[in-house]
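Below you'll find the structure, written out as structure tokens, and then a few comments.
The values are calculated or read from the model by the stated rules, or taken from the named source; none is laboratory data. None of the values given here were measured: they were computed from a predicted structure. Don't worry about glycine lacking a Cβ; one is built from the backbone with ideal geometry, like all the others, and counts go over all protein chains shown.
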Amino acid sequence: MKIIKIGLTIAFTIIIISQLMSGKEPEKILIKAEQSSNNLNSAIFIKRDIDTKGTEKNETIEKYYISWGKEVRFQNLKYRIEDNFGTIVTYDGSIWKFKDVKNQKILFSDDMAEIASLTDELLFYVQSFLKDPNLTGDLIKGIDFKYLGEQNVENVPCDVVSYTIPKPKFFQDGDLKKKYFIGTKDGIIRKIEFEIYKDTALTETVVSYFTFSSINQDIDSNVFTLPLLDGYTEERYSQTQDEEEITLKVGEQAPDWTLLDSYGNKHSLNDYKGKIVLIDFWATWCKWCIKAIPKLQSIHQNFSNDVVVLGISCNEKKEANPVKFLKDNGGTYTVLLNGENIVDDYGITGYPTTFLIGKDGKILWSYTGYDPQLEEKIIDIINQNK
């Protein structure tokens, strides 16, 4: 009889738990998360990203101090971003500063248009998921919404919700599956998992963790300033012309060049006429360049018959080994050295800068900076110009 009673108790408990779980609607949890994000006025947190594609894994860690005030975007924004390479970026509401570790300079700007552009690039990912996630938009586009129960993320109880965005704009040959881990009490997003599919095959997984040490508490204003450091000089950050005026335009003939690889072999752009050439001007000390490596490697592997991928290393220290560095970060495409000798010909204003050059040697596309959708945009242009 005791065994029967225990069995009935367990069965009854399972039924109750199932009912409780089914009582939580994923759509309502997502709406709560969006409402909570709109009330997020300040935060200190560590963001850890793990990007896995096949056997390749790329991990980045950054610490953020952000005060949004009551505005979603820029008006009352202040921030400080630190990464594991020693880079620091600050904005105190009027002055933007950047710690250039390689050149031991503190770059600064008080040009609001320039600061807004720099800020959009730096904080796009963070603001789009923590401050302005547009989850209600996903409710319109998404399918197969599921509540997967509760799970702790670094000791914080979270409701787990999953759903699928069929053939989104930049993944039209597959689906994007999303999973959100949302604090059960405060509705703040603690973890995000993206699974990117091509047809029905899983091609890439991106996992982001947000570990908060402060939410909606005052942050010392000194955090948002960057004093002059010992051994550093201070210099105004500027671009002598707009990027569109400096960078080669689509349709222009790409300047020829000759550079050496690590074996001393000469490579010229003209050697690759008749093929599409993807050139990435990069550096081992550039964190955005490192984030782009897995995406460029994927193109190198999947389009080897149609596209030549070249990583042109620039402004490296003497002890740097770009070839080994690329290999250690999962890249196997060709590395060419001393690219600083040709950056003026291409109007390079920052790293990474990527060019896609057509079979006729003319510019098909170019971009400066890191874009999470970089691979998809390049593939789209490649497919149009094969």
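Restricting to region 321-365, count the residues that are within 27 Å of E121 (Cα to Cα) and assigned to a strand (DSSP E or B).
Counting residues in region 321-365 that are within 27 Å of E121 (Cα to Cα) and assigned to a strand (DSSP E or B) gives 9.
State the number of residues belonging to region 338-352 that are in contact with a helix residue (DSSP H, G or I) (Cβ under 7 Å, 6 or more places away or on another chain) and either outside the structural domain of L269 (by TED's automatic domain parsing) or within 26 Å of N305 (Cβ to Cβ) (or both).
Selection size over region 338-352: 1.
State which residue pairs qualify: first residue acidic (D, E) and inside region 162-183, second residue modelled with pLDDT under 80 and in a loop (DSSP other than H, G, I, E, B) in any location, beta carbons under 8 Å apart, and separation of 6 or more residues or different chains.
Every condition considered, the pairs that remain are D173/D199; D175/P168.
Residue by residue through region 76-106, note down the ones that are more than 13 Å from K287 (Cα to Cα) and surrounded by 19 or more Cβ atoms within 10 Å (Cβ to Cβ).
Across region 76-106, the qualifying residues are L77, K78, Y79, R80, T90, Y91, W96, K97, F98, I106.
Inspect region 264-279 for any residue being within 23 Å of T90 (Cα to Cα) and in contact (Cβ under 8 Å) with a residue 24 or more places away in the chain and give the result as yes or no.
no
Closer than 30 Å to N302 by Cβ and within 20 Å of the chain's Cα centre (by Cα) - does that describe any residue in region 62-74?
Checked against the condition, which is being closer than 30 Å to N302 by Cβ and within 20 Å of the chain's Cα centre (by Cα), region 62-74 yields at least one hit.
Which ones in region 75-113 are under 18 Å from the mean Cα position of the chain (by Cα) and within 14 Å of L228 (Cβ to Cβ)?
I88
Looking at region 106-152, which of the residues that are assigned to a helix (DSSP H, G or I) and basic (K, R) is nearest to Y351 (Cα to Cα)?
The extreme case among them is K131.
If we keep just the residues of region 139-162 that are crowded, with 19+ Cβ neighbours inside 10 Å and of a type outside the set (A, V, I, L, M, F, W, C), which is nearest to A43 (Cα to Cα)?
D159
Does L364 meet the test of being buried (at least 22 other Cβ atoms within 10 Å of the Cβ) and under 24 Å from the mean Cα position of the chain (by Cα)?
no
Out of everything in region 287-326 that is basic (K, R) and within 17 Å of D49 (Cβ to Cβ), what residue ends up being nearest to the chain's Cα centre (by Cα)?
Only one residue fits best here, namely K291.
For the structure I just gave you, tell me whether E121 is acidic (D, E) and free of Cβ contacts under 8 Å to residues at least 24 places away in the same chain.
no
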